[in-house]
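Structure record follows, encoded as structure tokens.
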Amino acid sequence: MAVSTLTTAGLSGRGLGRRVFESNHPLPSEIDAPAPSRPEDVRQRKLMSRAAWFSTLVMRGALTEARWDEGRAEIGAFFGVGASGAEMDEVARLVAASMEDGRFSLARCGREGLDACNPLFAFQIMNNFTLCHGAILEGLGGPNAAFFSRGSGTVTALEEACASINAGACERALVGGADTALHPVTMAELEREGFLRQGLKPAEGAAALAIAATAEAPLGYVEAVRVFPVDRPRGALVPRTGVLRDAAVPAAFDALEDQPCDVVVLAPWGAPAREALMDLPEMLEAELSVDASLSLGESLAAAPALAWALALDLLVHLDKPRALVLSAGPDGDLGAVVLGKGGA
């Protein structure tokens, strides 16, 4: 297993957990992402959303860290992705051409709205291209899937990556998440649905793990991946805090399968989810607990993947054997990932 992350501290393979543990990580803010350097990057970057460029950078970083230079056509790719992140002038033209009697019309959008935009606009607005652009540039041709994620979708990406390797569909895969909560359309959604008022700290970032059926001296091991459905009221975006708390306890013990837990990393979406999860480390008698969102902000689909990278680095930095990463978001479900320390 190898790791690549992109946060406000920049692009990095290792060190995220140590920086957070020592309170040396910069506060969440807009990321100064590296500019395209290769000719093919420059051409394709014009077609990418910001999250897609983040995804490409961490994919490339994970491949380099894992030294996977050969056989890329067989490598799988599974990512949690967020909402579309198109250029706002293109969005404005599409919306203006799609209005009918003062309201947005899907029919008019199909007839006239799309014609008002650059023909290549779709490569920015379709969220699965957050995965596709990086896979194209890096030549990944194995099994793949992009999961729209508001938290647990990214955990499902890891679940599918592990299932593909276990089933023999591929021997190696990249898995992670990339997203930005700072795009104007996404920020408007977060405000409209009350997440900002409830304490969500919008951020952006990306992380990718390179996982394989076998490896020499890996950074760590994926011991368990679980996604637990949580009931929520009809019409509500998120479960009630008490319901989420009640579900989190058995979910954690189920994922750990009676094994001890040394480190707990939480990746909640906003204050209600944080309140629901905050007592878990004490119940599990964990030596150390970290709330990844407090240090890294809430980067939506990227948040669980960044928490995995943080947990793996903490295991190495603190020489601990096992970590539980628990994520919760507006998907309404809980994601639980158990990671073991490797020999790297």
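The values are calculated or read from the model by the stated rules, or taken from the named source; none is laboratory data. For clarity, every value in this text was computed on a predicted model and none was experimentally measured. Here Cβ is always computed from backbone atoms with ideal geometry, including for glycine, and neighbour counts include all displayed protein chains. Side chains are part of the model used for accessible areas, which takes the heavy atoms of the whole protein and leaves out ligands, DNA and RNA. Shrake-Rupley method; radii C 1.70, N 1.55, O 1.52, S 1.80 Å.
The table below gives the values:
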quantity: Heavy-atom accessible surface of the range 1-154: percent carbon and sulfur, 1.4 Å; calculated: 53 percent
quantity: At least 18 Å along the helix axis (C-alpha) and Kyte average at least -0.5, DSSP helices within the chain; calculated: 50-66, 152-166, 241-256, 303-318
quantity: Volume in Å³ per residue [convex hull over Cα atoms, computed for the chain]; calculated: 136 Å³
quantity: P(r) of the range 72-139 over all Cα-Cα pairs, binned every 5 Å from zero, in whole percent; calculated: 3, 16, 21, 19, 14, 11, 8, 6, 2, 1, 0
quantity: Percent of Cα pairs exceeding the 16 Å cut-off, where the set is the range 1-78; calculated: 58 percent
quantity: Per residue solvent-accessible surface (Å²) - the chain, probe of 1.4 Å; calculated: 43 Å²
quantity: Carbon/sulfur fraction of accessible area - the range 221-344, other protein chains in place, 1.4 Å, %; calculated: 48 percent
quantity: Amide H partners (placed H, <5 Å) of residue 150, local residues excluded; calculated: 331
quantity: Value of [θ]222 nm, deg cm²/dmol, for the chain, DSSP H segments ≥ 4, -39500 (n - 2.57) each, nearest 500; calculated: -10500 deg cm²/dmol
quantity: Which of 7, 241 is most accessible, then next, and so on - probe 1.4 Å; calculated: 241, 7
quantity: The range 183-279 - percent relative contact order, Cα under 8 Å, separation 6 or more; calculated: 32 percent
quantity: Loop GluC sites (Glu not before Pro), the range 253-299, which have at most 10 other Cβ atoms in a 10 Å radius of their Cβ (DSSP); calculated: 257, 285
quantity: 25, 317, reordered so the largest accessible area comes first (probe 1.4 Å); calculated: 317, 25
